[in-house]
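Read through the structure below, which is laid out as structure tokens, and then see the notes.
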Amino acid sequence: MKSKGSFARKQSFLSLPTTRRLRRFGQLLLFGVILSRPAAACPCSDDPGGRGFMTTTAETYSAALSVSARRSLGQFDAHGKLRRLAATELEASEELLLRLALRAPRALEWQTELGAASYRFHTQSFAEQRRGLGDAALWGRYQLLEESMPHEPPWPALSVAGLLRAPLGAVASQQSSFGSGGVQLGLGTWELGGGVELQRSLGQVGLWWSAEFAYRLADQALGRPRKLGPRADLLFGTNLPLADWLSASASLAARFVGEVSLSGHTLEGTGERLLSVAGALSARDTARGFRSSVGLSLDPPFEGLSKNTTAAWALNATLGFSR
Amino acid sequence: MPAFLPAAFAAATLACGAAPSTEGTVIATSQGGLVQAHVEFEGAVRRGDNALLVDFVALAPAAAMVQLVAIEALMPAHGHRASADRISIDASPFRASGLNLFMTGRWQVELDLRVDETEDFVSFPVDVP
């Protein structure tokens, strides 16, 4: 009887529309983080104060260089229908990303990001190859609350962030264009945003949840007034220490982008939705300040999961240093 | 089947704000309200080169001479852009070819017009499977 009831509930959940299923799943994750039991162990560690932070409160600066390779599996149309790439087609990119962080004052971390990418796309009737700088981004992250101690009422660590993205990347001109989905050499406009992050330990396991919202300013990237839709990124993740120097992490991310306006008209069906899963192994040498990680992410090629974007997988490796 | 049915269906679909069809005839009114464009893709819309037939019905009494100057398609979020290679103006309807909609997804197709001495344009969405 128990298993039958469980099966009935699962059927009911799966029969919900995709957006409702996502909302329900997000609510469960949020409750899981906030209402989880108090950590059995003291949360004090030399981990950064949140997944978005690059430094701990004991460190002053950090630098990290990441390289990633991405391959598209297909493209989702406006209805979430997936068109897989044929064997003779290719959409691929490689990206180099430099991130720097500085704590000044101690409670506030300033973080910058600048990338360069190479992008290739070809089908039977079209070929495109581009490379160049990406947009520059600046975050200010501030930790409002530290995670509660075991003897205190349970509460996660809470941090907030502000974002400014500057359009340094290659913008569309008469003939060139942005990459789709995976690599965006440039948005072509300024982006202002903010975010919030919760983090909590459950024994040895760490859980985090973050949300980032961004507003895109109007631009003339296509030679006429254009306004990209607002963006929301939600992320839920967990990490598990495997040894003093090694940990594993997994995350689930969802991105939602509103519809685009062109010449003052909102274009229906241009909003985007992208779901991703990722896993990584991270190593650190605390004494010397080195950190490194390798990861794999997947934007699953499942019909109806995403829309107006790309299904893809990506491999990435990062080497960082903090002091 | 009566010839007007696909056009009527497309008009009803657009009027309801539903997703654009990937085949059949699209009927759209120009931004300036001078003409109505009847656009028919040769075969279903497909990823790659497309050809289309474009005809116009004058809505304003003064609109007599309509020129199809250019056809451009945009994916505004990604900055993708494509344009028709050739536009035949020998006979009505106009025939445009070489419109390479190279990426799956929603494109916004724009017809640049000259109605008598006035510039106007028609814009409509197309889903590329």
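General observations
- Residues in region A:119-140 that are basic (Lys, Arg) and in contact with a Ser or Thr (Cβ under 6 Å, 6 or more places away or on another chain): A:ARG131 only.
Quick grid of which residues meet (1) modelled with pLDDT of 90 or more; (2) assigned to a loop (DSSP other than H, G, I, E, B); (3) closer than 25 Å to A:THR310 by Cβ; (4) within 14 Å of another protein chain (Cβ to nearest Cβ):
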| position | (1), (2), (3), (4) |
| --- | --- |
| A:LEU168 | no, yes, yes, no |
| A:VAL171 | no, yes, yes, yes |
| A:GLN175 | no, yes, yes, yes |
| A:GLY179 | no, yes, yes, yes |
| A:GLY186 | no, yes, yes, yes |
| A:THR189 | no, yes, yes, yes |
| A:GLY195 | yes, no, yes, no |
| A:PHE213 | yes, no, yes, no |
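- Of the set (1) under 23 Å from A:LEU82 (Cα atoms); (2) buried (at least 19 other Cβ atoms within 10 Å of the Cβ); (3) at pLDDT 95 or above, all apply to A:LEU267 but (3).
- Of the criteria (1) out of contact with any strand residue (DSSP E or B) (no Cβ under 8 Å at 6 or more places or on another chain); (2) at pLDDT below 90, which one A:LEU22 fails: (1)
- Filter result (under 17 Å from A:THR310 (Cβ atoms) and without any contact (Cβ under 8 Å) to a residue 24 or more places away in the chain) within region A:88-126: A:PHE126
- Taken over region B:113-129, the residue count meeting the criterion of being assigned to a strand (DSSP E or B) and within 12 Å of chain A (Cβ to nearest Cβ) is 7.
- Of the listed requirements (1) touching a helix residue (DSSP H, G or I) at 6+ places or on another chain (Cβ under 8 Å); (2) within 14 Å of chain B (Cβ to nearest Cβ), A:PHE236 misses just one: (2).
- Answer from A:ARG284, A:ARG255 - the residue that is within 14 Å of chain B (Cβ to nearest Cβ) and either in a strand (DSSP E or B) or of a type in the set (A, V, I, L, M, F, W, C) (or both): A:ARG255
- Every condition in (1) over 24 Å from the mean Cα position of the chain (by Cα); (2) surrounded by fewer than 18 Cβ atoms within 10 Å (Cβ to Cβ); (3) in contact (Cβ under 8 Å) with a residue 24 or more places away in the chain; (4) within 14 Å of chain B (Cβ to nearest Cβ) holds for A:MET149 except the one numbered (4).
- Here region B:74-103 is the region considered, the condition is being in contact (Cβ under 8 Å) with a residue 12 or more places away in the chain and at the interface with chain A (Cβ under 7 Å from one of its Cβ atoms), and the residue that is farthest from the chain's Cα centre (by Cα) is B:HIS78.
- Strands (runs of 3 or more DSSP E) lying entirely in region B:27-98 (those with 1 or more residues that are of a type in the set (A, V, I, L, M, F, W, C) and surrounded by fewer than 16 Cβ atoms within 10 Å (Cβ to Cβ)): B:48-58, B:66-75
The values are calculated or read from the model by the stated rules, or taken from the named source; none is laboratory data. Model, not experiment: these values are computed from the prediction. Here the Cβ is made from the backbone with ideal geometry for all residues, glycine too, and neighbour counts use every protein chain on show.
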